[in-house]
Amino acid sequence: MVAIFSLPSGFPMSLKVEPGLFDILAQQPGIIPAPNHARHGWVQMEDVKVLPQEQLESLIEASHQIISRKLSKKRQKKLGIIPM
């Protein structure tokens, strides 16, 4: 799981972020520690306008990388995250 969001709008959306970024983002208006997931480093954005699209896309990619690093090497190879 890389992101959690509500359909059809896509918001609120929660993402896993690096520990140092968690504190910075959680202080911005419209971004809060994600309910039930904050202790694991997830933040929740209430609206698409909270961050520029490029930054949001970057955070989604970073969330994917954070989660992927925690998978076993065998699982990473199977999913094509690392070459076989």
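Assorted remarks:
- Test: residue in the range 33-53 that is surrounded by 12 or more Cβ atoms within 10 Å (Cβ to Cβ), more than 15 Å from H64 (Cβ to Cβ), out of contact with any Gly (no Cβ under 9 Å at 6 or more places or on another chain) and among the aromatic types (F, W, Y): no
- Number of residues in the range 49-64 that are in contact (Cβ under 8 Å) with a residue 40 or more places away in the chain and polar (S, T, N, Q): the value is 1.
- Boolean, I82 is touching a helix residue (DSSP H, G or I) at 6+ places or on another chain (Cβ under 7 Å), loosely packed, with under 14 Cβ neighbours inside 10 Å and aliphatic (A, V, I, L, M): yes
- In the set Q28, Q44, only one residue is of a type in the set (S, T, N, Q), in contact with a Ser or Thr (Cβ under 9 Å, 6 or more places away or on another chain) and within 22 Å of S6 (Cα to Cα); that residue is Q44.
- Cβ separations smaller than 7 Å between residues 6+ apart or across chains give the following pairs from the range 65-84 residues that are of a type in the set (S, T, Y) to residues that are surrounded by 14 or more Cβ atoms within 10 Å (Cβ to Cβ) and outside any helix (DSSP H, G or I): S68/I81.
- The set of residues from the range 5-18 being surrounded by fewer than 18 Cβ atoms within 10 Å (Cβ to Cβ) and either under 13 Å from L59 (Cα atoms) or at pLDDT 90 or above (or both) comprises just one member, E18.
The values are calculated or read from the model by the stated rules, or taken from the named source; none is laboratory data. Note that this is a predicted model, so its numbers are computed, not measured. Neighbour counts are summed over all protein chains in view; Cβ atoms, including those assigned to glycine, are modelled from backbone coordinates with ideal geometry.
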